[in-house]
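The values are calculated or read from the model by the stated rules, or taken from the named source; none is laboratory data. As the structure is a prediction and not an experimental result, all values here were calculated from the model. Using ideal geometry, Cβ is built from the backbone for each residue, glycine included, and neighbour counts are taken over all protein chains shown. These area figures cover heavy atoms from the full protein model, side chains too; ligands, DNA and RNA do not enter into them. Shrake-Rupley method; radii C 1.70, N 1.55, O 1.52, S 1.80 Å.
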Amino acid sequence: QVQLVESGGGLVQAGGSLRLSCAASGRTFSSYTMAWFRQAPGKEREFVAQITWSGGTTYYADSVKGRFTISRDNAKNTVYLQMNSLKPEDTAVYYCAATSWARPQAIPKYDYWGQGTQVTVSS
């Protein structure tokens, strides 16, 4: 069992930066691939970024490639999402999730989810 708690969201101006954190409980954290998703009002939840258990492979949605960086610290049971050059269209609730799959999968393949943290980017 893995419990996930996100933090670091907030209000930022366009062009600014935020770093999200997702703290996990459970001794099996290091065996899971971790991902970030987001959901804007009225829209479906969408994939943002993913990192394999070792941190050796990462995946990004095209919309955030070059601006966002996912990383993890298995010693701290934490995964991060560094978000730079933020745009108003990045406004959403951001969720972290855990899966046993290395590559990005459909949402049902993610076994554990956090409660989400709100990111609002003003223009």
TODO: Obtain the nm distance between the two label points defined at GLN115 and GLN1 by a simple spin-label model: each point lies 7 Å from its Cα along the Cα-to-C-beta direction.
DONE: 1.7 nm
TODO: Report relative contact order for segment 1-85 in percent, whole number only (criteria: Cα-Cα under 8 Å, sequence separation at least 6).
DONE: 31 percent
Open item on the list: Only four residue types carry charge here, +1 at the Cβ of Lys and Arg and -1 at the Cβ of Asp and Glu. Report the dipole size of segment 26-97 about the Cα centre in Debye, rounded to the nearest 20.
Closed with: 160 debye
TODO: Treating only the Cβ atoms of Lys and Arg (+1) and Asp and Glu (-1) as charged, compute the dipole magnitude of the chain about its Cα centre; round to the nearest 20 debye.
DONE: 180 debye
Task: Within straight-line cross-link reach of LYS65, aspartates and glutamates at Cα separation under 20 Å, skipping those fewer than 8 residues along the same chain - done: GLU44, GLU46, GLU89, ASP90
TODO: Could you tell me which of VAL119, ALA23, SER85 has its Cα farthest along the dipole of the chain towards the positive end, charges placed at Cβ (Lys, Arg +1; Asp, Glu -1), taken about the Cα centre?
DONE: ALA23
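Give, to the nearest whole percent, the P(r) tail of segment 58-123 beyond 15 angstrom, counting all Cα pairs.
Of the Cα pairs, 61 percent sit more than 15 Å apart.
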- [ ] Write down the accessible area per residue of the chain in Å², having rolled a 1.4 Å probe over the full set of protein chains.
- [x] 51 Å²
Task: Kirkwood Rh (inverse of mean 1/r, distinct Cα pairs), the chain, angstrom - done: 14.1 Å
TODO: Pop out the carbon and sulfur fraction of the accessible area of segment 33-123 as a percent, whole number, probe 1.4 Å.
DONE: 48 percent
